[in-house]
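The values are calculated or read from the model by the stated rules, or taken from the named source; none is laboratory data. Note that the coordinates shown come from a computational prediction; the quantities given were computed from them, not determined experimentally. We place every Cβ from the backbone using ideal geometry, glycine too, and count neighbours over all the protein chains shown. Calculation scope for accessible area: heavy atoms of the full protein, side chains included, ligands and nucleic acids excluded. Shrake-Rupley method; radii C 1.70, N 1.55, O 1.52, S 1.80 Å.
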Amino acid sequence: MPPVPSAPLPATRARIGAGSFAELTTFAVGGPFDRLVEASSEEEIVETVREADAEGVPVMVLGGGSNVLAADGRFPGVVVRDVRQSIVLRQEGGCEGANLRVSAGTPWDDFVVHTIANEWMGVEALSGIPGTVGAAPVQNIGAYGQEAGGSIAGVRVYDRATGRVDYLSFSQMEFGYRTSVVKKSLKGGWGPSPRHIVLDVDFQLRIASLSAPVQYSQLAQLLGVQPGERVPSVAVRDAVVELRRSKGMVLDDADRDTYSAGSFFTNPVLSEAQAARLPDDAPKHGLRDGSRTVLGAAAPRVEGQVKTSAAWLIDHAGFPAGYGMPGPAALSTKHALALTNRGGATGAQMRELARTIRDGVREAYGVVLEAEPTIIGGLD
């Protein structure tokens, strides 16, 4: 298949106005804000964030709104949406594969579709994930044995500490399981957005029509192959989207199970001693070091650490799928790891459900679950 030319995707017209988080997030909860800036250029993003920081008001950079749980009260700052959408092929061929620069506002799944159409391998198992490309490196999104960090060469950012546009190389990103140096800075007093605002992401992808080796057993079973085998990337995409849809993880306005942020808690990473205290039938998997991967290859395992399943812990602690129904805030009927707005839920009700589950798992197993979405105002 000949490469599809890389070109900017149509961009939304920029505007400045007011709005609410209920309108702009997949949870469909959250209060109003007086200032929304939909920025159509890098300069608009930088200047908006710089001015807000100078004024001492909070900044919330919002992508697809699929990983945010907002508070019910009025947000006292500025909300910034990057509406730039472009995928630029910078180099293709040889040992380096395909090098692309993708603007942060580009929808993630549009990017995945583009890579598969061009026979660039490395992100096919991340099909169907909502949100934008700019969010991908922040928490190192991952699914079905693949992580975004394994294909990222570097990230262009606006550094709020220095007031300059900077570049974070792969090694500087410090990728780990659902984390990065950017995400870690959220705990540094920068508010609901991190110190580094993602502007563009550079990807390095192998040239191949076949997928990376299929790592996830459930995906391999659906594809009819053994773990470690390779299949056409388009087949991986189709299977992943089917799996995600069966778990309510593909956005559908008609399906209340998708009024969520996907997996609300990350899978806990435990020491071997901690993992040994879990029941024998609790899932226990090796952890891979995302900071040491090479061009789409599987990252090496981390010695002495074990990853268990948050969904298993939640279910076995007494919170099965559908827990909380018929209330407005309840677990998905398809997947115990997704908190959902069944209709009319408030941010406070969603946070109360999250606290109930977190505290119940801690009491039952001594494991503290960590929330994956950005929670404006915090969980407690």
Of (1) out of contact with any strand residue (DSSP E or B) (no Cβ under 9 Å at 6 or more places or on another chain); (2) closer than 21 Å to residue 245 by Cβ, residue 162 satisfies every one except (2)
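Given the criterion crowded, with 17+ Cβ neighbours inside 10 Å, among the small types (Gly, Ala, Ser) and either closer than 27 Å to residue 375 by Cα or at pLDDT 95 or above (or both), identify the matching residue among 185, 246, 169, 209. Break it down stepwise before answering.
Numbers: 246 fails: crowded, with 17+ Cβ neighbours inside 10 Å; 169 fails: crowded, with 17+ Cβ neighbours inside 10 Å; 209 fails: crowded, with 17+ Cβ neighbours inside 10 Å.
So the residue among 185, 246, 169, 209 that is crowded, with 17+ Cβ neighbours inside 10 Å, among the small types (Gly, Ala, Ser) and either closer than 27 Å to residue 375 by Cα or at pLDDT 95 or above (or both) is 185.
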Is it true that some residue in segment 191-206 is in a strand (DSSP E or B) and either modelled with pLDDT under 95 or open to solvent by 50 Å² or more (accessible area, probe 1.4 Å) (or both)?
-> yes
Return the residue satisfying two criteria in turn: it lies in segment 54-79 and is of a type outside the set (A, V, I, L, M) and open to solvent by 50 Å² or more (accessible area, probe 1.4 Å), and of such residues it is nearest to residue 339 (Cα to Cα).
-> 72
Only one residue in 93, 122 is open to solvent by less than 30 Å² (accessible area, probe 1.4 Å), in contact (Cβ under 8 Å) with a residue 12 or more places away in the chain and in contact with a Leu (Cβ under 6 Å, 6 or more places away or on another chain). Which one?
-> 122
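I need the strands (runs of 3 or more DSSP E) fully contained in segment 40-104, keeping only those with at least 3 residues that are touching a strand residue (DSSP E or B) at 6+ places or on another chain (Cβ under 7 Å) and among the small types (Gly, Ala, Ser).
Values: elements: 59-62, 75-82, 87-92, 98-103.
Those strands (runs of 3 or more DSSP E) do not exist here; none qualify.
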Residue check, residue 291 against (1) more than 21 Å from the chain's Cα centre (by Cα); (2) part of a helix (DSSP H, G or I); (3) at pLDDT below 95, all met but one. Which one?
-> (1)
Taking segment 207-222 as the search range and keeping residues that are of a type outside the set (Ser, Thr, Tyr) and assigned to a loop (DSSP other than H, G, I, E, B), which one is farthest from residue 115 (Cα to Cα)?
-> 215
Output the residue which, of all residues in segment 225-243 that are closer than 13 Å to residue 145 by Cβ and among the charged types (D, E, K, R), is least open to solvent (accessible area, probe 1.4 Å).
-> 229
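Would you be able to tell me the number of residues in segment 359-380 that are without any contact (Cβ under 8 Å) to a residue 12 or more places away in the chain and either part of a loop (DSSP other than H, G, I, E, B) or loosely packed, with under 14 Cβ neighbours inside 10 Å (or both)? Steps first, answer last, please.
Going through segment 359-380, the residues without any contact (Cβ under 8 Å) to a residue 12 or more places away in the chain turn out to be 359, 362, 378.
In the following step, the residues that additionally are either part of a loop (DSSP other than H, G, I, E, B) or loosely packed, with under 14 Cβ neighbours inside 10 Å (or both) were identified as 359, 378.
Final tally of qualifying residues: 2.
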Residues satisfying the stated conditions in segment 319-354, i.e. part of a loop (DSSP other than H, G, I, E, B) and β-branched (Val, Ile, Thr) | 333, 346
In the set 107, 130, which member is in contact with a Leu (Cβ under 6 Å, 6 or more places away or on another chain), closer than 30 Å to residue 248 by Cβ and surrounded by fewer than 24 Cβ atoms within 10 Å (Cβ to Cβ)?
-> 130
Every residue from segment 165-190 that is in a loop (DSSP other than H, G, I, E, B), closer than 28 Å to residue 56 by Cβ and touching a strand residue (DSSP E or B) at 6+ places or on another chain (Cβ under 9 Å) | 180, 190
Name, by its number, the condition in (1) in contact with a Ser or Thr (Cβ under 9 Å, 6 or more places away or on another chain); (2) open to solvent by less than 20 Å² (accessible area, probe 1.4 Å); (3) of a type in the set (Gly, Ala, Ser) that does not hold for residue 153.
-> (2)
Scan 251, 222 and give me the residue that is of a type in the set (A, V, I, L, M), out of contact with any Gly (no Cβ under 6 Å at 6 or more places or on another chain), touching a residue at least 40 places away in the same chain (Cβ under 8 Å) and open to solvent by 60 Å² or more (accessible area, probe 1.4 Å).
-> 251
